[in-house]
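The values are calculated or read from the model by the stated rules, or taken from the named source; none is laboratory data. Computed from a predicted model, the values in this text were never measured in an experiment. Virtual Cβ from ideal backbone geometry, glycine too; neighbours counted across all protein chains shown.
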């Protein structure tokens, strides 16, 4: 049975200028000096697989991707085989997998 992988997301808090997203967790909270607002930005987390080891990074290097058995770029969805999914499940990333029926 194939699986759908949706890579994880991590929120980062940034200082924006005079505009902000009303949907961000901290949106609209002005800085104490009045020059900007806090806002959250979601950043995809890349999963890099080397054999049975899975590491996550928000900033993947080309060499790390080239040397990997496989990788899943953050912010994307993938269809995985049972064997590919099992590696992620064993590494603790099962919550990001959905069986395709």
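Being closer than 21 Å to residue 100 by Cβ and either modelled with pLDDT of 65 or more or in a loop (DSSP other than H, G, I, E, B) (or both) is the requirement here; does residue 24 meet it?
No.
Which of (1) loosely packed, with under 11 Cβ neighbours inside 10 Å; (2) at pLDDT 95 or above; (3) touching a strand residue (DSSP E or B) at 6+ places or on another chain (Cβ under 7 Å) is the odd one out, the single condition residue 63 does not satisfy?
Condition (3) is where residue 63 drops out.
Scan the range 50-63 and report the pairs whose first residue is in contact (Cβ under 8 Å) with a residue 60 or more places away in the chain and whose second residue is in a loop (DSSP other than H, G, I, E, B), with Cβ atoms within less than 6 Å and a gap of 6+ or a chain change.
Taking only residues 6 or more apart or on different chains, not a single pair turns up.
For residues that are under 17 Å from residue 45 (Cα atoms) and either in a loop (DSSP other than H, G, I, E, B) or over 18 Å from the mean Cα position of the chain (by Cα) (or both), tally how many sit in the range 87-101.
Total satisfying the criteria: 3.
So, in the range 70-86, of the ones that are surrounded by fewer than 18 Cβ atoms within 10 Å (Cβ to Cβ) and outside any strand (DSSP E or B), which residue ends up nearest to the chain's Cα centre (by Cα)?
It comes out as 75.
With the requirement that a residue be within 13 Å of residue 45 (Cβ to Cβ) and out of contact with any helix residue (DSSP H, G or I) (no Cβ under 7 Å at 6 or more places or on another chain), what does the range 64-81 give you?
Scanning the range 64-81 gives 72, 73, 74, 75, 76.
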